[in-house]
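Coordinate-derived values only; no laboratory data. Small disclaimer: the values here were computed from a predicted structure and weren't measured. Note: ideal-geometry Cβ built from the backbone for every residue, glycine included; neighbour counts use all protein chains shown.
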Amino acid sequence: MIYDNLKIFSQNIQKNSLIINTILETQSHFDIIFIQEPPWSILRMIPSSISYKGEVLVRTPYHPNWLTFAKTPTNQLDSPRVLAYINIRLLSFCFSLCKDLINHKDILFISFFINNVCSYIMNIHSDASHSALKYFKNTEVSINNLLIMTGDFNIRDSLWDSSFPYHSSISNDLIVIVDLFNLELLIPINSVPTRYSDTAGEANSVINLIFL
């Protein structure tokens, strides 16, 4: 089964084009790449039925060995903060972006089929205001067979970070959402930080989580 062998890479790259291009070029042994805070840039102007000047085409880095999944940005200020690259060797599984079920620039919800069974994967970037989690709280979303929810949740909590002594109230909202999706937090065998600070005096942290 693909479930047993699916290899997923997830990273917040903080809009760094060099990092994302390096990942796409060197990590071809992965099946799926989840990116948080990808770079978006103006590629060119395209013809428009609204403006004689045309419309701006905004896109993120592309690689021929990967299928790109992301909401279409209307401008650079509205650029999605999550995207996914699916290795073309999985083309037969009919991956599809499900904007009709979840439509938020910080949540990427993708379906795929194996033996006529539909399953889902989810990539999340929860900003400092936790807008993605608030979206789930305020929107009734019924999802069956969600295999993985992962990403940058921007929540420090003693539940998943042994170096952090406090419990965050926003974590309770996250756990409620996770329970609704019938998922559980994956605890690594060797616990290490997922964000390394480059600011003197600021501690490393665990804010990137995986729920299975």
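Can you order the peptides 87-100, 168-181 by their average number of other Cβ atoms within 10 Å per residue, highest first? Spell out each step's value before the answer.
Working: 87-100: 12.9, 168-181: 15.3.
Descending packing order for the listed peptides: 168-181, 87-100.
In square nanometres, what is one fourth of the surface area of the convex hull spanned by the alpha carbons of the chain?
The Cα convex hull of the chain, projected and averaged over all directions, gives 14.1 nm².
Taking neighbour Cβ counts within 10 Å as the exposure measure, how do 199, 22 sort from fewest upward?
With the fewest neighbours first, 199, 22 line up as 199, 22.
At 1.306 mPa s and 10 °C, plugging the Kirkwood radius over alpha-carbon pairs of the stretch 111-212 into Stokes-Einstein gives what diffusion coefficient in µm²/s?
In µm²/s, the coefficient is 107.
Would you please give the FRET efficiency between residue 202 and residue 117, computed as 1/(1 + (r/R0)^6) with r the Cβ-Cβ distance and R0 = 35 Å, to the nearest 0.05?
0.20
Please name whichever of 178, 158, 23 sits farthest to the positive end of the charge dipole of the chain, dipole taken about the Cα centre and charges placed at Cβ: Lys and Arg +1, Asp and Glu -1.
It is 23, whose Cα lies furthest towards the positive end.
Assign unit charges at the C-beta atoms only (+1 for Lys and Arg, -1 for Asp and Glu), then state the dipole size of the chain relative to its Cα centre in Debye, rounded to the nearest 20. Can you show the working numbers first?
Numbers: 14 positive and 18 negative charges, 134 e Å.
Magnitude of the dipole: close to 640 debye.
When a footprinting reagent is the concern and you count Cβ atoms within 10 Å, what order do 134, 105 take, fewest first?
Ordered from fewest to most neighbouring Cβ atoms within 10 Å, 134, 105 come out as 134, 105.
Long-range amide H contacts for residue 210: which residues qualify at under 5 Å (H placed 1.01 Å from N, peptide plane, sequence gap of 5 or more or a different chain)?
For residue 210, the qualifying residues are 186.
Show the residues, 5+ positions off or on another chain, whose built amide H is closer than 5 Å to the amide H of residue 158.
166, 167, 168
Taking R0 as 30 Å, what FRET efficiency do you get between residue 182 and residue 14 from their Cβ-Cβ distance, rounded to the nearest 0.05?
In this case the efficiency is close to 0.40.
Working out 0.36 nm times the residue gap between residue 134 and residue 168, then minus their Cα-Cα distance, what length gain in nm do you get to one decimal? Don't jump to the answer; show the numbers that get you there.
Details: separation 34, 0.36 × 34 = 12.24 nm, distance 1.51 nm.
In short, 10.7 nm is gained.
Apply 1/(1 + (r/R0)^6) to the Cβ-Cβ distance of residue 192 and residue 98, taking R0 = 41 Å, and write down the FRET efficiency to the nearest 0.05.
E(calc), rounded to 0.05, equals 0.80.
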